[in-house]
Amino acid sequence: MRFGTVPVAEGEGAVLAHSLMLGRKKMPKGRILSAADLAAITAAGIAEIVVARFDPGDVGEDRAAELLAKAMVPDPASAHLRLTAPQKGRVNLHALGPGVVGLDPAAIRALNMIDPALTLAVLPAFARVAAGTMVATVKVITYAVAEAALGRAMAVAPGALRVHPVRMASAGLILTDAPGQAKDLGPKAEEAVRARLIRLGMDLAEVVTVPHEEAGIAAALPRLKGDLSLILTGAATSDSHDVAPEALRRAGGTVARFGMPVDPGNLLFYGALGNRPVIGLPGCARSPALNGADWVLERIACGIMPSPEDIAAMGVGGLLKEIPIRPEPRDRKG
């Protein structure tokens, strides 16, 4: 593509690079100039214009954006994405429903290295999305791009982006009543957990309150309704062999991980009882504010069981905003 200033008389068939005001009327940039357009520009007293001219093999911005987006998501329905029609070199990709973002960072970096005119911006991996959330935008930032560069980008694009939809319909919640706990602790926990599930399109199937003892939790777990079991104790879980994790083992389940490098959210554990995932929520889950439990809950609800490596990687970006209700702030003043 050739870009630059030319006499108005030489602009026919070129793309107008910058908008022009012709009296009270605006001629928008991106317009392919006709003889009538040039006459109007001349009549306005303008002698030179900035234009872009395509070379053989160049692909216009809208077509290039459309081809690249479709190469990246050849089957939008299976990727749980919706592609917009191209406009001004841009195609946006929106989530069809709640879920988390899945992407191939290496492919996205490779695509963005091919030609500065070809750009793909995406949400972070595992970002929670709802129906209609913009997950990514493809933008061709020049009026055309060389066909060869576009071809290379399309070759690395397939499979680079998708939304993992929520697979679970409901969850059950076990609360424990610890000696001396505030009376409003349980209702606050239920309200906050319910709100989290609603954001994922899930129902809170059942809430069961038991004494803060292994036996009570262990007895409640197998009978708890829901595709996912959540435990939020009245006293903090301070060790892998504390009351709640031991109750999961006593019920016949397994604990895959205790603790995570996300603050707030350190005191989380998760595992399974049979085929049903179990998450031991940290106390900060009583607050609606973002915490490490959100990241684990969202992935598991989408059928993605985090590995130890996944949890370790959460430490990068894992220092989250402090929660005001926290009984022991991490940064004490004075």
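The values are calculated or read from the model by the stated rules, or taken from the named source; none is laboratory data. Source: prediction; values computed, not measured. Cβ sites come from the backbone with ideal geometry, for glycine too, and all protein chains shown count toward neighbours.
So which residues in region 14-50 are out of contact with any strand residue (DSSP E or B) (no Cβ under 7 Å at 6 or more places or on another chain), closer than 20 Å to A144 by Cα and surrounded by 12 or more Cβ atoms within 10 Å (Cβ to Cβ), if there are any at all?
S34
Among the candidates G97, G159, which residue alone is closer than 21 Å to C302 by Cβ and at pLDDT below 95?
Just a single option satisfies the conditions, and that option is G159.
Identify, please: which residue in region 192-234 is under 24 Å from the mean Cα position of the chain (by Cα) and among the acidic types (D, E) and is, among those, nearest to R286 (Cα to Cα)?
D203
Working carefully through the options A125, A131, A182, find the one that is small (G, A, S), surrounded by fewer than 17 Cβ atoms within 10 Å (Cβ to Cβ), assigned to a loop (DSSP other than H, G, I, E, B) and free of Cβ contacts under 8 Å to residues at least 12 places away in the same chain.
On inspection, the qualifying residue turns out to be A182.
Out of A65, A71, A77, report the one residue that is surrounded by fewer than 19 Cβ atoms within 10 Å (Cβ to Cβ), closer than 23 Å to V122 by Cα and either charged (D, E, K, R) or assigned by TED's automatic domain parsing to the domain that holds V129 (or both).
A77
For (1) farther than 18 Å from E61 by Cβ; (2) more than 42 Å from the chain's Cα centre (by Cα); (3) touching a residue at least 12 places away in the same chain (Cβ under 8 Å), each residue gets a yes or a no:
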residue	(1), (2), (3)
P7	yes, yes, yes
G13	no, no, yes
A17	no, no, yes
L20	yes, no, yes
G23	yes, yes, yes
S34	yes, yes, yes
L38	yes, yes, yes
I41	yes, yes, yes
A44	yes, yes, yes
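Could you please find all residues in region 294-325 being crowded, with 21+ Cβ neighbours inside 10 Å and without any contact (Cβ under 8 Å) to a residue 40 or more places away in the chain?
The answer is V296, and nothing else.
For a quick check of your reading of the model, give me the residue pairs whose first member lies in region 186-212 and is at positive phi, whose second is surrounded by 17 or more Cβ atoms within 10 Å (Cβ to Cβ), with beta-carbon atoms closer than 8 Å and at least 6 apart or on different chains.
Filtered contacts from region 186-212: G201/P98; G201/V166.
Against the condition surrounded by 12 or more Cβ atoms within 10 Å (Cβ to Cβ), at negative phi, at pLDDT 95 or above and assigned to a strand (DSSP E or B), how does R82 come out, does it pass?
Considered against the rule, which asks whether it is surrounded by 12 or more Cβ atoms within 10 Å (Cβ to Cβ), at negative phi, at pLDDT 95 or above and assigned to a strand (DSSP E or B), R82 comes out as yes.
Residues being part of a loop (DSSP other than H, G, I, E, B) and either outside the structural domain of L228 (by TED's automatic domain parsing) or within 18 Å of C302 (Cβ to Cβ) (or both): count how many of those fall in region 266-290.
Looking only at that region, the number is 4.
Filter region 209-250 down to the residues that are of a type in the set (A, V, I, L, M) and part of a strand (DSSP E or B) and list them by number. Even if it seems obvious, please write down each step before you answer.
Restricting attention to region 209-250, the residues satisfying the condition of being of a type in the set (A, V, I, L, M) are 210, 215, 217-221, 224, 228, 230-232, 235-236, 243-244, 247-248.
Within region 209-250, V210, L228, L230, I231, L232 qualify.
Within region 85-122, restricting attention to residues that are of a type outside the set (A, V, I, L, M, F, W, C) and part of a loop (DSSP other than H, G, I, E, B), which residue is surrounded by the fewest Cβ atoms within 10 Å (Cβ to Cβ)?
Filtering region 85-122 for residues that are of a type outside the set (A, V, I, L, M, F, W, C) and part of a loop (DSSP other than H, G, I, E, B), the one surrounded by the fewest Cβ atoms within 10 Å (Cβ to Cβ) comes out as P116.
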